[in-house]
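Quick note: the coordinates plus some simple rules give every number you see, no bench work behind them. Quick caveat, the model's predicted, so the values are computed rather than measured. Here the Cβ positions follow ideal geometry from the backbone for every residue, glycine too, while neighbour counts run over all protein chains shown.
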Amino acid sequence: MAPHGDDDQYHPKDAVAAGVRGCLVVGGAGLFIAAIQNSMAKQNVGSWGVVTRGGGIIATMASAGTAYEFTRTAAANLREKDDHYNEAIGGFCGGSVIGLFSGRMPRVLGYGVLTAVVMSAFDYTGASLRGKKVDPEMDEFERKEKLRLNRRRPIEETLAEIGEGRSIRPPGYEERRRQRLKEKYGIDIHTVSADPNETS
């Protein structure tokens, strides 16, 4: 075994518990799919049709989930690394189990390779459909302030691009407006404020 530092030390996980968890989660999804197929059947098959007619789907998905989770965790424990190669190994075993029920070797290999590529690519690109994960060490307020400062532009630059007016009134706007109106139309305008505390 290669020596590890305190920061990157791998902690082994329970592969059997991971396999049982994969069996329950993916097998539950298979039960859900079988229940949907049973409810959409044209003939009246009864409630046990979920098990009698959809037993193959449930067994296939439960065994594929078990093989994937167990193999992925066992590979991580043996390699002492938690990376996308473990996903590829687990994906190949899980996909191969799906192909085993067809009884043809090309399908076994094809499903295995396809699942391995998809799962390892998904893990390699961040393992999330929501994008990059946020650093858990960073405070949420500090992260948002950093994003605001990164995208904040000076008011002078904004005014230079879009100009004044249309509810954009920077300091000194009323005086400049009054001067422009006097130069263009020769009218001196004295504004009156509705605020009683403000003096003009």
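Which residue fluctuates most in the GNM of the chain (Cα springs below 10 Å): ARG72, ARG153, ARG169? Checking each option, the largest mean-square fluctuation is seen for ARG169.
Shown for GLU161, GLU87: other C-beta atoms within 10 Å of each C-beta, ranked fewest to most, produce the order GLU161, GLU87.
Once the Cβ-Cβ distance between GLU137 and LYS81 is put in as r, and R0 is 22 Å, what FRET efficiency do you end up with, to the nearest 0.05? Mind showing how you got there, number by number?
On the way: r = 22 Å, r/R0 = 0.99.
E(calc), rounded to 0.05, equals 0.50.
This structure gives percent of Cα pairs over 24 Å apart, computed directly, and of (1) 38; (2) 67; (3) 50 that value is listed as (2).
Relative contact order for the chain using alpha-carbon pairs under 8 Å, separation at least 6, rounded to a whole percent? Don't jump to the answer; show the numbers that get you there.
Working: 209 pairs, mean separation 27.8, N = 200.
Relative contact order here is 14 percent.
Remark: spin-label model distance TRP48-ARG130 equals 4.4 nm, labels positioned 7 Å along the Cα→Cβ axis. Largest mean-square fluctuation among GLU140, GLU80, GLU156, in a Gaussian network model of the chain whose springs join Cα atoms under 10 Å apart, belongs to GLU156. Rounded to the nearest 20 debye, the dipole size of the range 140-185 about its Cα centre is 160 debye, using +1 on the Cβ of Lys and Arg and -1 on the Cβ of Asp and Glu.
For the range 83-139, calculate the relative contact order in percent as a whole number, restricting contacts to Cα pairs under 8 Å that are 6 or more residues apart. If you can, show how the numbers build up before the last one.
Details: 66 pairs, mean separation 21.0, N = 57.
Relative contact order for the range 83-139 comes out at 37 percent.
Scanning the chain for DSSP H helices at least 27 Å long along the axis (C-alpha atoms) with a Kyte-Doolittle mean no lower than 0.5 picks out 15-39, 105-124.
Fully extending the segment from ARG169 to LEU24 would add 46.0 nm, taking 0.36 nm per residue of separation and subtracting the current Cα-Cα distance.
Name the shape class, rounded, prolate or oblate, that the alpha-carbon gyration tensor gives for the range 43-162, where a ≥ b ≥ c are the square roots of its eigenvalues, rounded holds for a/c under 1.5, and otherwise prolate holds if a/b is larger than b/c and oblate otherwise.
Values: a/c = 3.12, a/b = 2.13, b/c = 1.46.
Cα axes put the range 43-162 in the prolate bin.
Available extension along the chain between LEU147 and VAL117 is 7.4 nm, counting 0.36 nm per residue and deducting the alpha carbon span. State whether the range 26-91 is rounded, prolate or oblate according to the following rule on the C-alpha gyration tensor (a ≥ b ≥ c being the square roots of its eigenvalues): a/c under 1.5 gives rounded; otherwise a/b larger than b/c gives prolate, and the remaining case gives oblate. Note, shape of the range 26-91 comes out prolate. Where only DSSP H runs of four or more residues are counted, the chain gives -21500 deg cm²/dmol as its mean residue ellipticity at 222 nm, each run worth -39500 (n - 2.57).
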